[in-house]
Amino acid sequence: MAPLARGVRALKTRATRSPLDYIAWLPYQIEWLSHTDPRPHLLRLGNRMGKTTTGLAELIFRCRGRHPFKTVPSGRPVHCALVCMSMSQSVAIQRVLWELLGAEHNTELVAETEWTHRRGFRGHRPVVEWATTGSTITIYSNAQGAGALAGSEYDYILCDEPVSQETFDECRARVRNTGGNVGITLTPINGPPLPWLQALCEPEEGEPQVIDYHTRLTPGSQISPLTGQVRKTKDGRPWDEEFIDEIRRLENPLDSPIRLDGEWQSRVEGLFFDCFDANKHVGRYTGSEVLSLCLGVDYAAADR
């Protein structure tokens with residue numbers, strides 16, 4: 001039993017130092033992580049489906065020079081960037097990055113790396129540096145504007161959550177000379193309007209400029225093909241049909257298609273206002289002259 005106990009302890013130590021290496025990836029995560037097309041790749045999902053973890057894993061794998069699902073540049077430092085919606089929101093994203101690297105147990109980053117729960121990594125524009133490869137991740141926010149990226153050059157850029165079209169275009173320019181790429185992970189809500197991104201993914205003519213990896217929340221999507229096991233919440237509850245049905249029952253139906261399934265928008269069927277009365281509010285027009293019609297839309301629902 002002693003060798004077994006030592007083996008278990010050794011495995012626990014390795015998992016503590018690098019939790020990323022022990023994730024049971026889900027089908028849509030593997031598909032996005034396996035992307036090799038030179039066009040940008042979008043991971044469009046509902047809330048709590050693992051978007052940020054997947055995007056940060058791509059950054060880490062590239063900085064290590066080793067990737068479990070494809071060949072990436074190795075033998076030299078790789079320089080990446082992470083663009084978040086705002087610097088305050090980025091602290092939560094930085095926390096996930098810190099934890100995936102083993103937090104205070106990590107053995108990959110330079111010794112002077114500083115992290116606090118309140119501010120994230122040190123610096124107005126934090127840079128996370130690998131001692132093992134010399135690779136870096138520089139952290140920006142969409143709120144800083146596209147100009148914050150001007151003059152820089154990267155091998156890969158991840159945009160986590162919605163960014164403006166100007167910031168996205170600047171990201172593409174920053175990887176052009178390196179032969180790099182841009183990844184996006186988002187739920188299409190609580191950010192800048194995204195009709196421009198949908199148009200790049202679903203053009204009326206020609207090939208898409210951005211490859212859209214979109215998956216709805218279903219019981220099957222929550223089973224890892226690596227282990228055959230169902231994903232579980234942090235308190236141990238499986239993401240099975242019963243749990244997903246409960247989530248759908250409790251979610252606001254107006255936002256449900258976006259928040260749960262990552263749809264571009266939601267549509268309400270039937271009456272939008274309870275006070276609508278067809279006898280009072282609908283008239284039959286029989287004239288022949290041209291009428292000018294005006295439509296008013298509540299701004300709070302404009303991006304739904």
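The values are calculated or read from the model by the stated rules, or taken from the named source; none is laboratory data. Quick caveat, the model's predicted, so the values are computed rather than measured. FYI the Cβ positions are ideal-geometry reconstructions off the backbone, even for glycines, and counts take in every protein chain you see.
Computed values, structure above
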{"read-out": "Single residue of the range 38-50 satisfying the filter (touching a Phe, Trp or Tyr at 6+ places or on another chain (Cβ under 9 Å) and at negative phi) that is surrounded by the most Cβ atoms within 10 Å (Cβ to Cβ)", "value": "Leu43"}
{"read-out": "Test result for Ser88, surrounded by fewer than 21 Cβ atoms within 10 Å (Cβ to Cβ), within 17 Å of Leu43 (Cα to Cα) and without any contact (Cβ under 8 Å) to a residue 60 or more places away in the chain", "value": "no"}
{"read-out": "Within the range 102-115, considering residues that are touching a helix residue (DSSP H, G or I) at 6+ places or on another chain (Cβ under 8 Å) and not in a loop (DSSP other than H, G, I, E, B), the one surrounded by the most Cβ atoms within 10 Å (Cβ to Cβ)", "value": "Trp115"}
{"read-out": "All positions within the range 180-217 that are at pLDDT 95 or above, out of contact with any strand residue (DSSP E or B) (no Cβ under 8 Å at 6 or more places or on another chain), of a type in the set (Gly, Ala, Ser) and closer than 28 Å to Leu26 by Cα", "value": "Ala199"}
{"read-out": "Check on Ala10, of a type in the set (A, V, I, L, M), outside any strand (DSSP E or B), modelled with pLDDT under 95 and surrounded by 13 or more Cβ atoms within 10 Å (Cβ to Cβ)", "value": "no"}
{"read-out": "Residues that are of a type in the set (Lys, Arg) and under 18 Å from Ala92 (Cα atoms), drawn from the range 36-51", "value": "Arg48, Lys51"}
{"read-out": "Verdict on Glu31 being under 15 Å from the mean Cα position of the chain (by Cα), under 26 Å from Tyr154 (Cα atoms), surrounded by fewer than 22 Cβ atoms within 10 Å (Cβ to Cβ) and at pLDDT 95 or above", "value": "yes"}
{"read-out": "Every residue from the range 180-199 that is part of a loop (DSSP other than H, G, I, E, B) and crowded, with 19+ Cβ neighbours inside 10 Å", "value": "Gly180, Thr187, Pro188, Ile189, Leu194"}
{"read-out": "Residues that are under 20 Å from Ser34 (Cα atoms), aliphatic (A, V, I, L, M) and not in a strand (DSSP E or B), drawn from the range 201-221", "value": "Val210"}
{"read-out": "Residue that is surrounded by the most Cβ atoms within 10 Å (Cβ to Cβ) [pool: residues in the range 158-179 that are more than 12 Å from the chain's Cα centre (by Cα) and of a type in the set (A, V, I, L, M)]", "value": "Val175"}
